[in-house]
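The values are calculated or read from the model by the stated rules, or taken from the named source; none is laboratory data. This structure is a prediction, so every number in the text was calculated from the model and none was measured. Every residue, glycine as well, gets a Cβ built from its backbone with ideal geometry; the counts of neighbours run over all protein chains shown. The protein model used for the area step is the full one, side chains on, heavy atoms only, and it has no ligands, DNA or RNA in it. Shrake-Rupley method; radii C 1.70, N 1.55, O 1.52, S 1.80 Å.
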Amino acid sequence: MYAVLAYSVLAIGGVFLVLTGLIVANKAWRESRDAWRRTRRRTLEPAILSWAHGDAPSVRPSIGGALKRRDRLVVEGILLDHAQRVRGVERERLGRALDDLGYVDRWIRGLSSWRWWQRAESAEKLGIAGAFRAIDRLVRSLADDVPEVRIRAAKALGAVGGRAAVAPLVQALREPNRWSTIRIADILAGMRHDVVRELMDEYPKMNRDARLAALDILAKIRSLEPVAWLEERLSDPDRDVRARACHALGAIGSPDSGPALVRALEDPEWPVRAVAAKGIGRIRHAAAVQPLCAALRDREWWVRANAAESLRLIGPKGIEALDRMLDDRDVYARHQAVLMLQESGELDRQVELLGRPDGPEREAAEFLVRRFVRIGQVGRLRELQETHRDAKVREALAALLGIAAAPGGGAP
Amino acid sequence: MVKPARVLVADDDPVSARFVASLLEERGYEVVVAGDGEHAVDAARKLRPDLIVCDVVMPYRDGFDVLRSVRAEPSLSSVPIVIVSMKDREEDIVRGLEAGADDYVVKPFNARELLTRVRKLLNRNGRAT
């Protein structure tokens, strides 16, 4: 009995000992391999960089001739690391070296691997290498079963760039997965002006999500090319399309889109009116002061708030209009005018003038303060009456507010 | 024989720092690399470089802090400084230039463009390769 027990303990101990030995040996082997790779990198990197900065056609002489099997990962690491950090001639040369040394072929084969992570990694590396000749194969990967592979392929196509990569990416916006559509839209937006024409041409064939994404991409790129095309979208039956088109027009900021945005202020759907009001402010369309004043009476708060903000952005004409709106019959319009005159600092600027000797400026300031008092919007005025550094201003405000000023004080 | 211009490269990303260093060494500049903001300021004080290429996001002291410290030293106040950063927003670029940088290059950068900017700044200060 004791013998069986002793043998069992010895057997278990032996297994643990062997396992520990294997783990230690494995770790030692990995560390020595990594140390060797670091040493090898220190040797090869300066030569490869020197080649990248120069004009020599092939990288092979810099790495001692043909690529040795043991150097494969080290050279790949060096070329990929640096290709990600530069643009221009150096990046092209590093990409050419990756092709010349057979990495691009290997990654193209990797796109057919049965392991999804290998397909994803291959797609990513082809993008970093800027492998033009992999475009067709990357386009096929846009239909991969695994979303991560599709996204990495899309990212790679975005990095490779050029017209050949744009068309399939625009088509990929029709992705059934909404999250993928958003990421592809980001990639397309990063490709800037190259994608504008393709987006407009492909738009009729897109599904709704893709159309909305396309409009957002145009807003981010801010090219003047699609302005007239976007104005046509303002009559689309879908309210979200109309709203996104307004947003894009505002973001692009062409002064020519002012009249179209003013017309959109009459849209039956409030989200469209709200974005149109905001867009008018972004393009500083001074001719829209009257329609914006009318929008201050809109039944939806967002429309009123955006219209007030746009009047502020338009400048003195807009501020004058906000001032006039203090006497409007509509209580909501008056309220927005008050908020914006306060937020823009106009009220504080006028209050400052109360400390001056009598004259037209002071009269105008008093007139404004009286109107604030009449409509009952005295919160900020009371605050200034208590805290303003100028005693004359505090006294004048106290008189206008009908309260007794604290003798000699109330302010810092 | 003309002494080569000395360039201090401050970048916590060793790959990026090695790339810039090799690019400049290839063109005959003497290059010193600092891996963080603290070392960059120390190296600038001790070595008196003719130009500094500086990243923004670095440990201990960021690039803007390095800029301020270098500009505060009377003997270093006229050393040209090129910011090389991933931060590509308009406000970052304006902030860098307002803090006293002579130029701002966004990563990933075009190596030949960076080289031209470095050369122009050194020529302006009367230092060629």
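Structure notes:
- Residue check for A:Pro57: under 23 Å from A:Glu90 (Cβ atoms) and not in a helix (DSSP H, G or I): yes
- Flag if A:Ala333 is in a helix (DSSP H, G or I), open to solvent by less than 40 Å² (accessible area, probe 1.4 Å) and modelled with pLDDT of 95 or more: no
- Residue in the stretch B:56-72 that is in a strand (DSSP E or B) and away from chain A (no Cβ under 14 Å) present: no
- Sub-9 Å Cβ pairs linking a first residue in the stretch A:154-166 that is farther than 16 Å from A:Asp144 by Cβ to a second residue that is not in a helix (DSSP H, G or I) and not hydrophobic (A, V, I, L, M, F, W, C), at least 6 apart or interchain, are A:Ala159/A:Gly130; A:Val160/A:Gly130; A:Gly161/A:Gly130, ordered by first then second residue.
- Qualifying residue in the stretch A:1-15 (condition: within 34 Å of the chain's Cα centre (by Cα), away from chain B (no Cβ under 14 Å) and either open to solvent by 100 Å² or more (accessible area, probe 1.4 Å) or more than 29 Å from A:Leu138 (Cβ to Cβ) (or both)): no
- A:Asp201 being open to solvent by 60 Å² or more (accessible area, probe 1.4 Å), over 30 Å from A:Glu121 (Cβ atoms), assigned to a helix (DSSP H, G or I) and not hydroxyl-bearing (Ser, Thr, Tyr): yes
- B:Val53 in contact (Cβ under 8 Å) with a residue 40 or more places away in the chain and either open to solvent by less than 50 Å² (accessible area, probe 1.4 Å) or in contact with an Asp or Glu (Cβ under 7 Å, 6 or more places away or on another chain) (or both): yes
- Residue ID - surrounded by the most Cβ atoms within 10 Å (Cβ to Cβ), chosen from residues in the stretch A:208-228 that are among the basic types (Lys, Arg) and at pLDDT 90 or above: A:Arg211
- The sole residue among A:Arg115, A:Arg96 that is more than 14 Å from chain B (Cβ to nearest Cβ) and closer than 20 Å to B:Glu113 by Cβ is A:Arg96.
- Residue match in the stretch B:92-104 (condition: within 14 Å of chain A (Cβ to nearest Cβ), in contact (Cβ under 8 Å) with a residue 12 or more places away in the chain, among the aliphatic types (A, V, I, L, M) and open to solvent by 10 Å² or more (accessible area, probe 1.4 Å)): no
- Scanning the stretch A:25-81 for residues that are within 14 Å of another protein chain (Cβ to nearest Cβ) and open to solvent by 70 Å² or more (accessible area, probe 1.4 Å) yields A:Arg38, A:Arg42, A:Thr43, A:Pro46, A:Asp55.
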